[in-house]
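Engineer: Sending over a structure as structure tokens; questions will come in a sec.
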Amino acid sequence: MQSKTESISIDDAVLVQQCRKGDSVATERLILRYQNRIYNTILKICANTNDAAELTQDTFVKIIENIDKFEGRSSFYTWAFRIAVNLTLNYCQRDSRLGQSSLDAEDNECDEQAKLQLKDLLADDSSPDPAVVAQNKELCEIVVAALMKLDEPQRAVVVLRDIEGMNYIQIAKVLDIELGTVRSRLSRARSNLREIMETFL
């Protein structure tokens, strides 16, 4: 019996093949399947809703333009996120406005999944009890503000792991870095994030 993930992966492969044949319905299905997740990931990295919307659009344009180059050595999901994150990091490095960016109020609200993942992220013996802290409605705004104080590479690895829920292998493929680099960068990013959080809390 196939798992849900395996079923989605197979379905993606079928949709990719149909896209290559010019099937607009298949293309639309792929976009609808991933646009929200890609948008939310980009938003957490670039911190600007207008930029995130534009970068999401650019991501899918690039995906469609390069669909024939997708070789299937990784999942479509991983490949698509690699394009999205690369575009976003490149944009952030060029954009001097990044440090002045702020999320719209409506986008400061974290969903329940993100809250649970961020509770795990903040948990250690020296930190405030995350179960108690998570009850504070301002937690998500604090976490977003803290995330924005990390540099882009550290921010990206935290977003992919602790918000998007990718495993280390997927992150390595998305960021095109070694597995050991993922682990060390994530460890440093979490440590820095906790230190920043302590100043807020």
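Computed from the coordinates by the stated procedures, all read-outs in this text should not be read as laboratory data. As the structure is a computational prediction, the values presented were derived from the model and not from experiment. Here Cβ is always computed from backbone atoms with ideal geometry, including for glycine, and neighbour counts include all displayed protein chains.
Engineer: Rank these for me by crowding, ASP12, ASP68, going from fewest to most other beta carbons within 10 Å.
Structural biologist: Working: ASP12 20, ASP68 10.
The order, fewest Cβ neighbours first, is ASP68, ASP12.
Engineer: Rank these for me by crowding, TYR168, TYR39, going from fewest to most other beta carbons within 10 Å. Walk me through the intermediate numbers first.
Structural biologist: On the way: TYR168 15, TYR39 18.
Least to most surrounded, the residues fall as TYR168, TYR39.
Engineer: Can you sort THR181, THR56 by how many other beta carbons sit within 10 Å, fewest first? Before the final figure, lay out the partial values.
Structural biologist: Details: THR181 15, THR56 24.
With the fewest neighbours first, THR181, THR56 line up as THR181, THR56.
Engineer: Are there any trypsin sites (Lys or Arg not before Pro) in the range 32-98 that are in a DSSP loop and have at most 15 other Cβ atoms within 10 Å? List them by number.
Structural biologist: Details: sites: ARG33, ARG37, LYS44, LYS62, LYS69, ARG73, ARG82, ARG94, ARG97; in loops: ARG73, ARG97.
Of the trypsin sites (Lys or Arg not before Pro), the ones in loops of the range 32-98 whose Cβ has at most 15 other Cβ atoms within 10 Å are ARG73, ARG97.
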